[in-house]
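Report on one structure; see the data block that follows.
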Amino acid sequence: MNYIEEVRKLVAGKKAYVRTYGCQLNENDGEKIIAMLKAMGYLITDNAEEADFALLNTCAIRENAEKKTYGAIGVFKHYKELNPGLVVAMSGCMTGEEHVIESLRKTYRHVDVVFGANNIEAFPRLLFLHLTEARRVFDTEYDDSVPPANLPTARAFPFKSGVPVMYGCNNFCTYCIVPYVRGRERSRDEADIINEIKALRDDGCKEVMLLGQNVNSFGGGGDAFANLLKKVSDTGIERIRFMTSHPKDLSPAVLEVMAERENICKCLHLPVQSGNNRVLESMNRRYTREKYLSIVKLAREKMPGLSITTDIIVGFPGETNEEFVDTLSLLEEVRFDAIFSFIYSPRRGTPAEKMPDVLSVEEKKANFEKLLEVQNRISGEINETYLGKTVSVLCEGVSKTDAGNMSGRTEGGKIVNFPGSQDMIGKILEVKITETKTWNLQGEAVCR
Ligand code: SAH
Ligand code: SF4
Ligand code: F3S
């Protein structure tokens, strides 16, 4: 049965609301779900209150992410009281957790349809069953030996797009929920990826971000990702980014291709998590501080001016103040362009959940503040070096913080704000930097 057509007969012209939490991969899933909703005849709204269908595409990475979801589920209950015809659905990584499914079944009885991050293609069928049989439908089953489906995407932006290259993760870092909720690594077919990127290019898209929890293990690892990057570069699309690279798998061949190819952004997101070897081992990261530093050195030799960003976890169980100081000194040694830092959040069923803490919550918070202080200084100092320089910026829209400015990103991923107009959106412009701040740059477009 063509479920999309069948649902269309029931819902055409109704309104659907989708809220996605979490990483770019989940955003991409959200765009695929929106494409299905549109195909089913729904009009997409960003006002949940007027919706006939409301979906939470969830993230489970930290407790905060889950709290936000439970908050939204509560709000949807209220909307359903006002509009009993509202269909409430949930997808994404939280649906991969048993305890979440249990509380949805028992406590959150107004959630009608549940599907998983790994079986989004089942959504039209499940929605059809709910609409025709008036029952709650839960299905998060998937077969991880089957390659991921090639689903169409309703792009959130015409000028940039995420392109998944692999799904799942086999690494089992001891703090992380992803391998449990996203399953084992599965790569997409190389030809499918390239065809998708060619179609994006032909449609005027300027930038693609190749996505995966560990893109370096695309196609089983080795040089497969480096070879993929070459082929993506050959499509001639203007800007190519990728994330995330795992330091244990990032091969010199990838750095080589990055250095060689002009349309691959000189920008590397390389999560380090900690600067201390005992902590890294306890996290099961399978590299040392020294190995990490040697990759950074090699990358910078090949690409002077390369922008490097990272993820840091503060307060991993067992981390002492002395061990934390090693993370601070790593920041000084590497001088990252930016960091994404998180206070450790215990995840149910992961090995780290059972590891004893030595620091109190207050001590962890104090360390977190210290980390930000050090990084803010470094980011500010790096940004200062841009003063007076002219950089290429892909204009993404009106600045979120200053409606008088347009905003975009440099090849290195830095946010640049500049006076301009709506017709600049989606264009790559040359911008001269006139002022630098800790988190962004201010400039003036020099030519169109
Ligand atoms: N696959 C990527 C990142 C996945 S999640 C990688 O391997 O690096 C993004 C970031 O969230 C991680 O890099 C880590 O810094 C953070 N993170 C993951 N689990 C966490 C937890 N339980 N508590 C706090 N931060 C966590
Ligand atoms: Fe999580 Fe580690 Fe996999 Fe990244 S590599 S998704 S941090 S288990
Ligand atoms: Fe969150 Fe799942 Fe991504 S847990 S960070 S949405 S893979």
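The values are calculated or read from the model by the stated rules, or taken from the named source; none is laboratory data. Since the structure is predicted, the reported quantities are computational estimates derived from the model, not experimental observations. As a convention, Cβ positions derive from the backbone with ideal geometry for all residues, glycine included, and neighbour counts pool all protein chains shown. Calculation scope for accessible area: heavy atoms of the full protein, side chains included, ligands and nucleic acids excluded. Shrake-Rupley method; radii C 1.70, N 1.55, O 1.52, S 1.80 Å.
One table, with the values for the structure above:
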| read-out | value |
| --- | --- |
| DSSP beta bridge pairing in the chain, given as percent antiparallel to the nearest 5 | 35 percent |
| Inter-part distance where the stretch 203-241 and the stretch 324-365 are each reduced to a Cα centre, Å | 30 Å |
| Peptides ranked, highest mean first, by Cβ atoms within 10 Å: ranges 357-363, 368-374 | 368-374, 357-363 |
| Volume per residue that the Cα convex hull of the stretch 390-447 spans, once the total is divided by residue count, Å³ | 70 Å³ |
| Per residue accessible area of the stretch 231-370, 1.4 Å probe, in Å² | 42 Å² |
| Cα-based helix-to-principal-axis angle, 63-82 vs the chain, degrees rounded to 10 | 30 degrees |
| Mean Cβ count within 10 Å, highest first, over the residues of peptides 315-325, 341-351 | 315-325, 341-351 |
| The chain, helix-only ellipticity at 222 nm - DSSP H runs n ≥ 4, -39,500 (n - 2.57), divided by all residues, nearest 500 | -11000 deg cm²/dmol |
| Gyration tensor verdict on the stretch 305-358 (Cα atoms; rounded if a/c is under 1.5, prolate if a/b is larger than b/c, oblate otherwise) | oblate |
| Sequence-separation-based contact order of the stretch 390-447, relative, with Cα cut under 8 Å and 6+ spacing, percent | 34 percent |
| Dipole moment magnitude, nearest 20 debye, the stretch 197-249 about Cα centre, only Lys, Arg, Asp, Glu C-beta charged | 60 debye |
| For the stretch 160-383: relative contact order, % (alpha-carbon pairs under 8 angstrom, 6 or more apart) | 18 percent |
| Among the listed pairs Lys80/Lys354; Lys370/Lys414; Lys160/Lys437; Lys370/Lys400; Lys32/Lys302; Lys68/Lys297, those beyond 29 Å (Cα-Cα) | Lys80/Lys354; Lys32/Lys302; Lys68/Lys297 |
| Counted charge near Ala299, where neighbours are those whose Cβ lies closer than 11 Å (Asp, Glu -1; Lys, Arg +1) | +2 |
| Residues with amide H under 5 Å from that of Arg347, placed H, sequence gap 5 or more | Glu353 |
| At 0.692 mPa s and 37 °C, Stokes diffusion of the stretch 279-372 via Kirkwood alpha-carbon radius, µm² per second | 227 µm²/s |
| Rounded percent of accessible protein surface that carbon and sulfur make up, the stretch 160-383, 1.4 Å probe | 52 percent |
| Computed over the chain: relative contact order in percent, which uses C-alpha pairs under 8 Å that are six or more apart | 10 percent |
| Cysteines in the chain lacking a second Cys C-beta under 4.7 Å | Cys23, Cys59, Cys93, Cys169, Cys205, Cys395, Cys447 |
| Accessible surface ranking that places the most exposed of Thr401, Thr95 first, with a 1.4 angstrom probe | Thr401, Thr95 |
| Helix axis angle, 24-39 relative to the chain longest principal axis, alpha carbon, degrees | 30 degrees |
| Percentage, to the nearest whole number, of Cα pairs in the stretch 3-139 over 22 Å apart | 29 percent |
| Solvent accessible area, Å² - Glu290, 1.4 Å probe, full protein context | 100 Å² |
| Point-charge dipole on Cβ atoms (K/R +1, D/E -1) for the chain, about Cα centre, debye to 20 | 420 debye |
| Of every Cα-Cα pair in the chain, the percent that sits beyond 38 Å | 26 percent |
| Rounded Å value of the spacing that divides the Cα centres of the stretch 370-448 and the stretch 257-304 | 25 Å |
